[in-house]
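The values are calculated or read from the model by the stated rules, or taken from the named source; none is laboratory data. This structure is a prediction, so every number in the text was calculated from the model and none was measured. Note that we place each Cβ from the backbone using ideal geometry, even for glycine, and neighbour counts take in every protein chain shown. Side chains are part of the model used for accessible areas, which takes the heavy atoms of the whole protein and leaves out ligands, DNA and RNA. Shrake-Rupley method; radii C 1.70, N 1.55, O 1.52, S 1.80 Å.
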Amino acid sequence: MMKGKRFFVKTFGCQMNVNDSEKMAGILTSAGYEKTENLKEADIVIVNTCSVRAKPDNKAYSFIGELKKLKKEKPELVIAVTGCVPQRDWKFILDRYPHVDIILGTFNFHKILDFIEALERPSVEILDTFLENEGEVVPSIEPLLTNPFVAYVTVQRGCNRFCTYCIVPYVRGRERSVPPENVVDEVKRLAEKGVKEVHLLGQNVDFYDYNGVRLPDLLYMVSQVEGIERVRFTTSHPAGFDISIIKAIKEIPKVCEYVHLPPQSGSNKILEKMNRGYTREEYIEKVLMLKEEVPSVALSGDFIVGFPGETVEDFEQTLSLVETCVFDQAFVFEYSPRPLTRAFSFEDDVPKKEKNRRLTELNNLLKRQAEERNLALLGSVQEILVEGLSPSNSEKMIGRTRNNKIVIVDRNDSLIGNLVNVEIEEATPFYMRGKVIKQLAGVERW
Ligand code: SAM
Ligand code: SF4
């Protein structure tokens, strides 16, 4: 028994991994363990990994490697590796990192307590990722929240789409939706704890389907939970995003005007090679429809540059899609070949230097657009949820608009966790500054 002991969690990757880590932390704290932010004083270290690109994968390995020294100094230290990397590479971890005690995958990370309390080491359990139609296998768990007012709620796991570059279907298995009543119960429990904003998470959340209950239905249900003021959902998929979702954003007051809809590329040739299931014309049409129906919406996306066979002309098609759609925020990645995927056998023929040039050019365009979109808000009144102190300046606080834009305001602790109206006084591509104004009834959203 290790009650009273301290654990440290290192998380790599997406919001879903953050949520899985919060769930593991929730399990351990309710069993009497204590979370620490100081690696040196930990009795247990959990490394929750991501393998979507080589970079986070390598970072996880180098972190696991560094733990060897700590284990030498403190042999009773328990080291657990969980998530996407061991789901694929558990044998490699077992062979090359003998200081690791526990290995769990993406289907069973919630068994962390049993494995910590088991006496036998090393202990490994990796479940088959191809559990066809098994339904959700992760039970409903109270997370230990990173932010007490904003919580992630995983509503769908896995993916069936097999984009040719993507490892997710291989390490997170088939797509499965969490029953809506479980989602609503989880949101109710979060609201009781003081959470104001929930983010419904799924790899392709637009395809959420539990016995005919679709994403718009789920958004209606979650919005009815008392105490919840804002609802977001991510990630949208351009093949699944449709008018029913646009209507839900438009008609449900609590659903925020923000859509993360990754195009990945603006070239039809590349989209087909990626197996994305839509054309650039379809993507643009959906975005224009969204902006027409919800003029205040903020658009976000992901792009991959340097995919095998991407010519300068293909890349220019991506730039032109961005010019047409106008993004508020976006993430650009250089193509990274991943084992198991179909594209792994394609020739990685765009030189690293050229990938980097395209990344910089696209990022510059996106930055200009983000700045223009934020500058357009100067002088407007925005509703923000004040999340807490600014990590870089304790005299300031940060909040987010309904469009998911960061706003910095002067410190006033009584505002933490509240929705307040702010007049925007300064705008940069990445954040804005504002002044809290008196709560006005029925403030118009820009
Ligand atoms: N399900 C989401 C979708 O379809 O857009 C994305 C999920 S993926 C975990 C997050 C992002 O990682 C993707 O949108 C893509 O831009 C990027 N990504 C995935 N595989 C990649 C690879 N092999 N190389 C570079 N970027 C990659
Ligand atoms: Fe990966 Fe494509 Fe599934 Fe997104 S839709 S998780 S990019 S396979």
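The alpha carbon centroids of segment 271-335 and segment 9-65 are separated by 32 Å. For segment 354-359, the Karplus equation 6.51 cos²θ - 1.76 cosθ + 1.60, evaluated at θ = phi - 60°, returns couplings of 6, 4, 5, 5, 5, 4 Hz by residue, with Gly and Pro reported as x. Amide H to amide H distances under 5 Å link ALA298 with TYR258, VAL259, where only residues 5 or more positions off or on other chains count and H is placed in the peptide plane.
How many Å² of accessible area per residue for the chain, probe 1.4 Å? Don't jump to the answer; show the numbers that get you there.
Working: 19410 Å² over 446 residues.
Using a 1.4 Å probe on heavy atoms only, each residue of the chain averages 44 Å².
Give me the net charge of LYS291's neighbourhood, meaning all other residues with Cβ under 12 Å from the Cβ of LYS291; Lys, Arg count +1, Asp, Glu -1. Present the calculation step by step, with values, prior to reporting the outcome.
Details: positive: LYS250, LYS286, ARG373; negative: GLU257, GLU285, GLU292, GLU293, ASP328.
Its environment carries a net charge of -2.
The accessible surface of segment 339-446, taken with every protein chain in place and a 1.4 Å probe, is 51 percent carbon and sulfur. Taking 7 Å steps out from each Cα toward its Cβ at ASP217 and LEU70 produces label points 4.5 nm apart. Relative contact order of segment 172-281: 24 percent, from C-alpha pairs under 8 Å at least 6 residues apart in sequence. For the chain, a crude dipole built from +1 on the beta carbon of Lys and Arg and -1 on the beta carbon of Asp and Glu, taken about the Cα centre, is about 1000 debye to the nearest 20. For the peptides 290-299, 81-90, the ranking by mean Cβ contacts within 10 Å, running from highest to lowest, is 81-90, 290-299. For the chain, taking a cut-off of 4.7 Å between Cβ atoms, the unpaired cysteines are CYS14, CYS50, CYS84, CYS159, CYS256, CYS325.
For TYR208, the residues whose amide H sits under 5 Å from its own are LEU215, ignoring neighbours fewer than 5 places away on the same chain, with H placed 1.01 Å from N.
When the chain is described by a simple charge dipole with +1 on each Lys and Arg Cβ and -1 on each Asp and Glu Cβ, the residue from PRO339, ASN418, ALA42 located farthest towards its positive end is ALA42.
Using C-alpha pairs under 8 Å with a sequence gap of at least 6, the mean separation divided by the residue count of segment 247-402 gives a relative contact order of 21 percent.
Using a probe of 1.4 Å on the protein chains alone, the accessible area found for LYS40 is around 150 Å².
Please compute the contact order of the chain in relative form: average sequence separation of alpha-carbon pairs under 8 Å and at least six residues apart, divided by the residue count, as a percent.
On the way: 897 pairs, mean separation 43.1, N = 446.
Value for the chain: 10 percent.
Measuring r between the beta carbons of LEU119 and PHE63 and using R0 = 25 Å, the FRET efficiency lands at 0.45.
In order along segment 57-64, the phi-based Karplus estimate (6.51 cos²θ - 1.76 cosθ + 1.60, θ = phi - 60°) of 3J(HN,Hα) comes to 4, 5, 4, 5, 5, 6, 5, 4 Hz; Gly and Pro are listed as x.
Of all beta bridges DSSP finds with both residues in the chain, what is the antiparallel percent, to the nearest 5? Percentage antiparallel, nearest 5: 40. Spin-label model, LYS435 to ASP413: label points 7 Å out along the Cα-to-beta-carbon direction sit 2.5 nm apart.
Between GLU192 and ALA31, the distance separating the two model label sites (each 7 Å from Cα on the Cα→Cβ line) works out to 2.3 nm. With θ taken as phi - 60° and the Karplus curve 6.51 cos²θ - 1.76 cosθ + 1.60 applied, the whole-hertz 3J(HN,Hα) list for segment 395-409 is 8, 10, 10, 10, x, 10, 6, 4, 7, 6, 9, 7, 10, 9, 10 Hz, x standing for glycine and proline. Rounded to the nearest 500, the 222 nm mean residue ellipticity of the chain from helices alone is -10500 deg cm²/dmol, with -39,500 (n - 2.57) taken per DSSP H run of at least 4 residues. Taking amide H as placed 1.01 Å from N in the peptide plane, GLU426 has its amide H under 5 Å from the amide H of ARG433, each at least 5 places away in sequence or on another chain.
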